[in-house]
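Participant: Below is a structure I'd like to ask you about.
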Amino acid sequence: RRTFAGLPHLDGNPVFEFENHGKRGVVLDIAKPAGREALLRILKDADVFLTNVRPGALKRAKLDYDSLKDLLPELIYVSVTGYGLQGEGADLPAFDQAAYWSRGGVAGALTPKGHEPPLCRPAMGDAACALATVSATLSAVIERQRTGRGRLVETSLIRAGVYSIGWDMAIQLKWGRLGSQRTRKDVFNPIQNYFKTKDDRWVGIFPREGRDDFDHILKALEMEHLAADARFADNRSRGKNVAAMVEALDEGFARLTLEEVGARLTAADMVWGPLNYPRDTADDPLAEAAGCFVDITDADGVAFRQPASPARFPGADDGPKRPAPKLGQHTREVLAQVGYAEGEIETLIAEGAAS
């Protein structure tokens, strides 16, 4: 909400809008008994209570799972933390940069030996953890349909990070070691790589097992003569001469534009993709056709595009129905919905238990 508060010359807040459009906003002071009681009345008919507040603070407020499970036996209680609910990290503060990216091993898996580690893009780990959270929550909803009871659901940033590098972590756990991330001229397979085109765009090539995509690449680049070079005669030879192979292919890609090489790779049924920056993806027709973007209007009437949900439901009106809420915009509405009379709502607000 406060991300761009110090930049009044900018219209709207795309970050807050992205995370919160479609929601209603209620402000309660749960440190006050009347504020806590109001929250409990809201939760009485709720399906899910999701919180990323640290466990210690929730316990002090008597809003932890153990405090609510008997009072609200049908409620699905979802806890999202940095390091889980057990052990020394249970009450540590965490962002995705710390728990998902750093301690979870993601940054380490992406760092070539001898190179500086890459920094996490904003909220990248949060998004991965959110996908895990919604999946787990819906599983609990299905379970409740069968049992009639809610449950505690737990996700954490570190666990999402470990799962995100599941292949690497599985190898590490099984064999106790893992090759580090490699640079372009140090990879195992030189054609599984990025190459720069004539118009300064990078294109990624991702060969499939069971096909000799090397021949397809040489044909696309009109460099069939390289097949006769003993250094590149087979996969083993190319693996011994990675740097020379990459340098040779660099020359071929540098003679073609991204559009030209892309058309040839597609014609050969190759798996490939341009290395897009966000500005490129925003204009990519494949992203548009896949429904990656949605048009919204925020609470100030400012219209702009936003990233869409990663899923869509063809034939259904599944777009956002309201802008992200102003602070406390729906407090009166929601309290009235759970049975508070108008006078009671005004008293709560006057006492500072709600706003």
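The values are calculated or read from the model by the stated rules, or taken from the named source; none is laboratory data. These numbers were taken from a predicted model, which means no experiment stands behind them. Note that each Cβ is placed from the backbone with ideal geometry, even for glycine, and that neighbours are counted across all protein chains shown. Keep in mind that these areas ignore ligands, DNA and RNA; they rest on the heavy atoms of the full protein, side chains included. Shrake-Rupley method; radii C 1.70, N 1.55, O 1.52, S 1.80 Å.
Participant: Kindly provide the set of residues from region 181-193 that are open to solvent by 80 Å² or more (accessible area, probe 1.4 Å), farther than 13 Å from Ile217 by Cβ and touching a strand residue (DSSP E or B) at 6+ places or on another chain (Cβ under 7 Å), ordered by number.
Facilitator: Arg182 - this is the single residue of region 181-193 that is open to solvent by 80 Å² or more (accessible area, probe 1.4 Å), farther than 13 Å from Ile217 by Cβ and touching a strand residue (DSSP E or B) at 6+ places or on another chain (Cβ under 7 Å).
Participant: I would also like to ask the following. Which condition number does Ala136 fail, the rest of (1) at pLDDT 95 or above; (2) farther than 30 Å from Asp70 by Cβ being met?
Facilitator: Single failed check for Ala136: (2).
Participant: How many residues, within region 168-180, are surrounded by 13 or more Cβ atoms within 10 Å (Cβ to Cβ) and either assigned to a helix (DSSP H, G or I) or touching a Ser or Thr at 6+ places or on another chain (Cβ under 8 Å) (or both)?
Facilitator: 5
Participant: Which pairs do you get when a residue that is open to solvent by 40 Å² or more (accessible area, probe 1.4 Å), found in region 115-133, comes within reach of a residue that is of a type in the set (S, T, N, Q) and assigned to a helix (DSSP H, G or I), reach meaning Cβ atoms under 9 angstrom, with the pair 6+ apart or on two chains?
Facilitator: Note: pairs meeting the criteria are Pro117/Ser102; Leu119/Gln97; Pro122/Gln97; Met124/Gln97.
Participant: Something else: What number goes with the only condition from (1) of a type in the set (A, V, I, L, M, F, W, C); (2) open to solvent by 70 Å² or more (accessible area, probe 1.4 Å); (3) in a loop (DSSP other than H, G, I, E, B) that Leu85 does not pass?
Facilitator: Checking Leu85 against (1) of a type in the set (A, V, I, L, M, F, W, C); (2) open to solvent by 70 Å² or more (accessible area, probe 1.4 Å); (3) in a loop (DSSP other than H, G, I, E, B), the one that fails is (2).
Participant: For region 201-225, how many residues are more than 20 Å from Gly239 (Cα to Cα), part of a loop (DSSP other than H, G, I, E, B) and more than 27 Å from the chain's Cα centre (by Cα)?
Facilitator: Residues flagged as more than 20 Å from Gly239 (Cα to Cα), part of a loop (DSSP other than H, G, I, E, B) and more than 27 Å from the chain's Cα centre (by Cα) within region 201-225 amount to 1.
Participant: Can you spot a residue in region 345-355 that is among the polar types (S, T, N, Q) and part of a helix (DSSP H, G or I)?
Facilitator: Yes; the residues of region 345-355 include at least one that is among the polar types (S, T, N, Q) and part of a helix (DSSP H, G or I).
Participant: For the subset of region 300-315 comprising residues that are part of a loop (DSSP other than H, G, I, E, B) and open to solvent by 80 Å² or more (accessible area, probe 1.4 Å), which member is modelled with the lowest pLDDT?
Facilitator: Out of the qualifying residues, it is Asp300.
Participant: Inside region 36-69, can you point out the residues that are among the small types (Gly, Ala, Ser) and either open to solvent by 30 Å² or more (accessible area, probe 1.4 Å) or out of contact with any Leu (no Cβ under 6 Å at 6 or more places or on another chain) (or both)?
Facilitator: The answer is Ala46, Gly56, Ala57, Ala61, Ser67.
Listed here are the residues, each with its yes/no results for (1) hydroxyl-bearing (Ser, Thr, Tyr); (2) under 30 Å from Asp45 (Cα atoms).
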site: Gln86; (1), (2): no, yes
site: Phe95; (1), (2): no, no
site: Ala98; (1), (2): no, no
site: Gln145; (1), (2): no, yes
site: Ser156; (1), (2): yes, yes
site: Gly176; (1), (2): no, no
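Participant: Please state which of the following conditions Lys198 fails to meet, knowing it meets all the rest: (1) of a type in the set (Lys, Arg); (2) at pLDDT 95 or above; (3) within 27 Å of Asp269 (Cα to Cα); (4) in a helix (DSSP H, G or I).
Facilitator: (4)
Participant: Among helices (runs of 4 or more DSSP H) lying entirely in region 231-292, which contain 2 or more residues that are open to solvent by less than 40 Å² (accessible area, probe 1.4 Å) and closer than 30 Å to Gln306 by Cα?
Facilitator: Of the helices (runs of 4 or more DSSP H) lying wholly inside region 231-292, those with at least 2 residues that are open to solvent by less than 40 Å² (accessible area, probe 1.4 Å) and closer than 30 Å to Gln306 by Cα span 258-267.
Participant: Among the residues of region 134-147, are any open to solvent by 40 Å² or more (accessible area, probe 1.4 Å), within 14 Å of the chain's Cα centre (by Cα) and not small (Gly, Ala, Ser)?
Facilitator: Scanning region 134-147 turns up at least one residue that is open to solvent by 40 Å² or more (accessible area, probe 1.4 Å), within 14 Å of the chain's Cα centre (by Cα) and not small (Gly, Ala, Ser).
Participant: Here's another thing I want to ask about it. Of the conditions (1) of a type in the set (D, E, K, R); (2) under 14 Å from Trp272 (Cα atoms); (3) touching a strand residue (DSSP E or B) at 6+ places or on another chain (Cβ under 7 Å), Asp213 satisfies every one except a single condition; which number is it?
Facilitator: Every condition holds for Asp213 apart from (3).
Participant: Only residues that are of a type in the set (Lys, Arg) and either at pLDDT below 95 or touching a strand residue (DSSP E or B) at 6+ places or on another chain (Cβ under 7 Å) (or both): list them for region 169-180, please.
Facilitator: If the condition is that a residue be of a type in the set (Lys, Arg) and either at pLDDT below 95 or touching a strand residue (DSSP E or B) at 6+ places or on another chain (Cβ under 7 Å) (or both), then Arg177 is the only one that fits.
Participant: May I ask you to list the residues in region 165-185 that are small (Gly, Ala, Ser) and closer than 24 Å to Ala128 by Cα?
Facilitator: Answer for region 165-185, where residues must be small (Gly, Ala, Ser) and closer than 24 Å to Ala128 by Cα: Gly166, Ala170, Ser180.
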